[in-house]
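Step one of this worksheet: look at the structure below.
Read the figures in this text as sums done on the coordinates, not as results from a lab. Small disclaimer: the values here were computed from a predicted structure and weren't measured. So basically every Cβ, Gly included, is an ideal-geometry build from the backbone, and we count neighbours across all protein chains shown.
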Amino acid sequence: MPDSALVEHLRRAVGTEAVRTDANELDARSHDTWPVATVWAKLGRHPHRPDVVVHADSVERVVATVRTAGEHRTPVTPWGLGSSVTGQPLPVRGGIVLDLSGLVGEPSLNEIDHTVTVPAGVRGSDLEAWLDRRGYTLNHSPQSLARSTVGGWLATRATGQFSSRYGGIEDLVVGYQVVLADGTVAQVEQRPRAAMGPDLRAVFLGSEGTLGVITAVTLKIFSRPPHRSLEAFTLPSVSAGLTVMRTIGQTGLRPSLVRFYDATEARHAVPDGPHGSPVLFLGHEGVGDVARAEHAASAEVVRSAGGVSLGAEPVDAWMARRYDFSTIERRLAEPGGYAETIEVANLWSRLEPMYHDLRRELTPLAEETLGHFSHIYDQGSSLYLILLGRAEDDQTALSRLEEIWARAMKVVVAHHGEVSHHHGGGLARQPWVAQSLAGGHEILRRIKDALDPGHLLNPGKLGLDPE
């Protein structure tokens, strides 16, 4: 049962209508879209259930909630739209779930500086549609665009499908407003670059609500590109595809789209195409002559590695369905069905060996193990694995998901890779946080102690338990 004194204090502080304690509301906030949490829900389990939910539609309500939580020494876990796939918004110590999905409002557009400012609860697809009507785009396109909030992108250090050209959210954010654990409202911004101290924008990016609650965001915007070139290619091997990606990245070409599917996932990416070969999706956009020239140069790199063009149609088809998550959802809805997505990253020199080891370890745990590489950098790339399987019952499916995570993280750590590229840590990666951050984890711990000495903001995440 929730602390009646806490609930009464919250009602006085933020209004009775904003405070919820009914069982359905609390159950709903104990599951995000992490497949493990989905199976928990199927089994009727709610291991991370809040005591109370507060719906905040203003910064004032956010401030009042965190101050009340501090007075009662009660944990506060920020919640956007619950689309995390690794358990970031699950309240592992109970307490208050602070629902920020009502923190919305009309965007503020600055066409001279090419920025837009919005409350943190604005849905990504709503903001993109608003900008599109005015001839602009965010060029931030996570698969969860219609399921995630702008504030959530910052809190989880998200990236999108065109990041090879435009970067992740850390490259696209100009500034933001954040409420600290004691209720202080702080503004963090850059104009447009500074050499005065460290870049404080980075402090809260990827912090998963453990250091503060992001309440408003200013992002870069871009004019709609006048030209886009898209093309798919088959390649003879994974090794050849990785060489192509590395060469394109290190040559200084700036493709907007680079997605390289191994032969298993290529069957899904190009269902009507030739099977048995890896497939590369490649795209360039911008001013017509420049985009065409860059695409021609990249295509020559592909052809020199044995690539054969399939034309633009496979990429056009993917562009039309690229936000579709239904394959995972349908499998998880089946009795005993399980599915998982694991995205990691590594340097070019370590990427292929890590890929082969992951496939060897994970293939026995699923009916299908699919892999693709994207989000290229000069020094490396991400690797995205999708596992689909069926077990005799949901409890066995849950055990299988837990084993998938344990095996995958063990391999990535052994190859000195990044255990998360863009889904964040949450609960899924909690056992490996300190190992992944190495010496940096002590710095993070000291920042946490300074900003949230009571360890009340989203406890149990990023390896920041007070003990």
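A few comments on the model shown:
- Separation of alpha-carbon centers, the range 1-56 and the range 68-138, rounded to whole Å: 18
- Cβ-based charge dipole, the chain, positive-most Cα from T251, P107, Q88: T251
- Contour minus Cα-Cα distance for F325 and H416 (0.36 nm per residue): 29.8 nm
- A simple rule links phi to the HN-Hα coupling: the Karplus curve 6.51 cos²θ - 1.76 cosθ + 1.60 with θ = phi - 60°, which for the range 280-295 gives 10, 9, 9, x, 10, 8, x, 4, x, 4, 5, 4, 5, 5, 5, 5 Hz, with x for Gly and Pro.
- Reach of K42 by Cα under 27 Å, taken over lysines that are not fewer than 8 positions away in the same chain: K461
- Phi to ³J(HN,Hα) by Karplus 6.51 cos²θ - 1.76 cosθ + 1.60 over the range 80-89, Hz, x for Gly, Pro: x, 10, x, 8, 4, 10, 9, x, 4, x
- Summed side-chain charge close to G425 - residues other than G425 whose Cβ falls under 10 Å, Lys, Arg +1, Asp, Glu -1: +2
- For G337, distant residues with modelled amide H under 5 Å away: A391
- Start at zero, step by 10 Å, and the Cα-Cα distances of the chain spread as 4, 20, 30, 27, 15, 4, 1, 0 percent across the bins.
- Debye log10 I(q)/I(0) for the range 147-198, one point scatterer per Cα, at q = 0.15, 0.28, 0.30, 0.32 Å⁻¹: -0.54, -1.16, -1.18, -1.21
- Share of pairwise Cα-Cα distances greater than 22 Å in the range 326-432 is 29 percent (whole percent).
- Over all orientations, the range 157-257 has a Cα convex hull whose mean projected area works out to 9.4 square nanometres.
- Taking E170, E402 and counting other C-beta atoms within 10 Å, the order from fewest to most: E402, E170
- Two-site FRET efficiency, E8 against R360, from Cβ-Cβ distance with R₀ of 56 Å, rounded to 0.05: 0.50
- The percentage of C-alpha pairs in the range 219-335 whose separation is greater than 17 Å is 58%.
- Stretch gain in nm, segment L43-A186, where the contour uses 0.36 nm per residue and the Cα spacing is subtracted: 47.3 nm
- Ellipsoid fit via the Cα gyration tensor, the range 108-223: semi-axes of 21, 16, 14 Å, each the root of five times an eigenvalue, largest first.
- Potential extension, A317-H114 segment - 0.36 nm per residue separation minus Cα distance: 70.0 nm
- Contact order for the range 4-102, expressed relative to its length and based on alpha carbon pairs under 8 Å spaced 6+ residues apart, stands at 35 percent.
- Entry note, the chain: the mean residue ellipticity at 222 nm calculated from DSSP H runs of n ≥ 4, each adding -39500 (n - 2.57), is -11000 deg cm²/dmol after division by the residues and rounding to the nearest 500.
- If the convex hull is drawn through the Cα atoms of the range 4-102, its volume per residue in Å³: 85
- The packing ranking, built from the mean of other Cβ atoms within 10 Å per residue, places the peptides 403-409, 257-263 in the order 257-263, 403-409, highest first.
- Taking a point 7 Å from the Cα of H275 along the Cα-to-Cβ direction, the residues of the range 353-370 with backbone N closer than 18 Å to it are 367-370.
- Residues whose placed amide H lies under 5 Å from that of T215, excluding near-sequence neighbours: Q177, V178, V179
- Taking every C-alpha pair closer than 8 Å and separated by at least 6 residues, the mean separation divided by the residue count of the chain gives a relative contact order of 16 percent.
- Euclidean distance of C-alpha centroids, the range 283-340 and the range 349-413, integer Å: 20
- Report note on the peptides 187-200, 288-301: ranked by the mean count of other C-beta atoms within 10 Å, highest first, their order is 288-301, 187-200.
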